[in-house]
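Right, one structure below, let's go through it.
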Amino acid sequence: METARVFFGMSAALALPWGTGWQRTRPWLTVLFVGVYSAYVITPYMHEPKAWSAFAVAVLLAGGSVLVHHPGGSAGPGFSLTLPLSGGSTMLTRRVGAVLLCVAVLLLLWTAGGRTTALGGEFLLSDRSAVFLSALLLAVFGGGLLARAATARVCAEVEAMPDTPEKTKALDFLSGSKNIGLLERGLLFTFIAAGRPEAAALVLAAKSLARVPTHDHGKHASEYFLIGTLASVIASLAMGMAARSAVGLPVL
């Protein structure tokens, strides 16, 4: 339980500011939040050196990311706050931030201990892990190639349209598909590889509700949506079934 508390706690301490982009817009708040939350996480284990080591890892990662992404001073809530080194060379400040990140990684490896190293070695040498990881990359990125090839004709037709509001709306719809497609294929593959195809159906249902093209987008957007979705499903399903079969599991 101690390891789980520290691992999830430190990850959450970094995930919130990084997920909201505070290291760029609110660097002072990033370091403050990471320090306070990390202290809360290690409170029951303050007598153990590795708890403080984990605390140092989180703070170093926060400080390093702030210096790398925001080498200048920042405005605080109602007052001005200048970060250490922010008055000097921007390149020097970023280099110091990079050094802090490297120190954090080395300290993290020491904190993790031999057991984690052994687990990492097992993961690297595991054929099953390699098969599923490679199949995931093929589904996500190889599926993107398939989707682009399948929708190339539709994209060409949209580009050839005269400059009208319909073309603008169609291009807006097409431009937001790349990241959604990566996430869609990743989720589809994960659920299929886990033997839960019914959960994969929920992904498609959610996408249809959130991103279904309207009449204003025109027929090209609808065709693009349908073809792209089917290509993603085919790639994810094929890779998921192939990976399960390769490691000796039922295909579904």
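Derivation of every value follows stated rules applied to the coordinates shown; laboratory data play no part. Please read these numbers as outputs of a predicted model, since none were measured by experiment. Glycine gets a Cβ as well: all are built from the backbone with ideal geometry, and neighbour counts include every protein chain shown.
Between the listed residues Ala206, Ala221, Gly195, the Cα displaced farthest toward the positive end of the dipole of the range 143-244, a dipole computed from Cβ unit charges relative to the Cα centre, is found at Gly195. With 0.36 nm allotted per residue and the present C-alpha distance subtracted, the Glu122-Arg5 stretch has 39.8 nm of extension available. How high is the FRET efficiency between Cys155 and Tyr40 when r is their beta carbon distance and R₀ equals 51 Å, given to the nearest 0.05? Working from the Cβ atoms, E equals 0.55.
Would you list Cys102, Cys155 from fewest to most Cβ contacts within 10 Å? Could you put the intermediate results ahead of the total?
Working: Cys102 12, Cys155 15.
Fewest-to-most Cβ neighbours within 10 Å comes out as Cys102, Cys155.
Put a plus charge on the Cβ of each Lys and Arg, a minus charge on the Cβ of each Asp and Glu, and nothing anywhere else: the dipole of the range 127-246 about its Cα centre is then about 340 debye.
Between Ala130 and Cys102, how high is the FRET efficiency from 1/(1 + (r/R0)^6) when r is the Cβ-Cβ distance and R₀ = 45 Å? Nearest 0.05.
For R0 = 45 Å, the calculated efficiency reads 0.95.
Here the range 127-246 is described by how far its Cα atoms reach on the three principal axes: 53, 24, 16 Å, from widest to narrowest. Using the Cβ-Cβ distance between Glu48 and Arg24 with R0 set to 25 Å, the FRET efficiency works out to roughly 0.15.
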